[in-house]
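Participant: Here it is, the structure, as structure tokens.
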Amino acid sequence: MSRVPFYLKERLEAMNERVLRSRFEASKLPPWERVVLTWLLLLAFWAVITANTEPSNLVLGSVVTLVIALFMRDLITEDIRRSGNIVEKILYFTLIYLPQYLVIMAFRLLESNVKVAKNVILMDIRPGIVKIKTDLNSDTGVTILANSITLTPGTLTLDVKKKLGETYLYVHWIDVETLDREKAGEKIKGDIEEWLKKVFW
């Protein structure tokens with residue numbers, strides 16, 4: 001049997017990987033913005049963990065988190081979309097995007113809890129594993145989507161596969177309502193993916 005199809009498939013996967021990588025590099029934030037965003041996130045985390053708002057603690061936290069941010073800038077903010085200036089990003093995220101996510105998740109949790117309770121009471125359970133496609137390509141965006149699906153009662157993300165520039169999630173669904181991949185994806189992902197596409201590439 002000829003190895004040409006395998007060779008072509010490998011070449012195609014490598015080419016798609018290069019295109020995705022070049023798109024990713026073009027959409028990256030400048031290094032200084034990544035440092036500032038990482039520093040602010042770590043400083044907020046420091047203030048919450050220490051539960052101490054004295055000036056000496058905040059100054060110490062600022063210095064320590066700045067040093068850490070210089071080394072960790074690519075771990076936290078590498079996948080954030082490049083749009084607008086840094087002040088816009090911070091204000092949009094804290095005042096619009098984060099509250100939106102919390103409201104979306106609150107409604108999803110409430111709706112899912114009611115559905116799961118109904119399924120358990122009526123013993124109407126048809127569990128199965130469905131494969132759904134996501135338009136997100138960044139590791140951070142896909143991770144948040146997978147964890148959000150897992151947090152929602154009745155669904156559990158089992159695996160993530162990336163193939164030829166497309167990302168698929170394998171989800172255990174307690175009550176498989178449809179076998180159509182697109183409809184299943186809409187029901188499982190809800191508005192979470194659309195929200196994530198505003199922040200991550």
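Participant: Output the residues belonging to the range 50-68 that are among the hydrophobic types (A, V, I, L, M, F, W, C) and at pLDDT below 85.
Facilitator: Ala51
Participant: Here is a further query. Considering Val116, Val160, which residue is at pLDDT 85 or above, closer than 20 Å to Asp180 by Cα and not basic (Lys, Arg)? So that I can check it myself, show each step before the final result.
Facilitator: Values: Val116 fails: closer than 20 Å to Asp180 by Cα.
The conditions single out Val160.
Participant: Taking strands (runs of 3 or more DSSP E) that do not extend beyond the range 90-188, which have at least 1 residues that are open to solvent by less than 40 Å² (accessible area, probe 1.4 Å) and among the aromatic types (Phe, Trp, Tyr)?
Facilitator: Qualifying strands (runs of 3 or more DSSP E): 166-173.
Participant: For the range 18-26, indicate whether the set of residues that are within 23 Å of Asn137 (Cβ to Cβ) and at pLDDT 75 or above is non-empty.
Facilitator: No, the range 18-26 has no match at all.
The values are calculated or read from the model by the stated rules, or taken from the named source; none is laboratory data. Fair warning: this is a prediction, and the values are worked out from it, not measured in the lab. Positions of Cβ are backbone-derived with ideal geometry, glycine not excepted, and every protein chain shown enters the neighbour counts. Note: areas computed on protein heavy atoms with side chains; ligands, DNA, RNA excluded. Shrake-Rupley method; radii C 1.70, N 1.55, O 1.52, S 1.80 Å.
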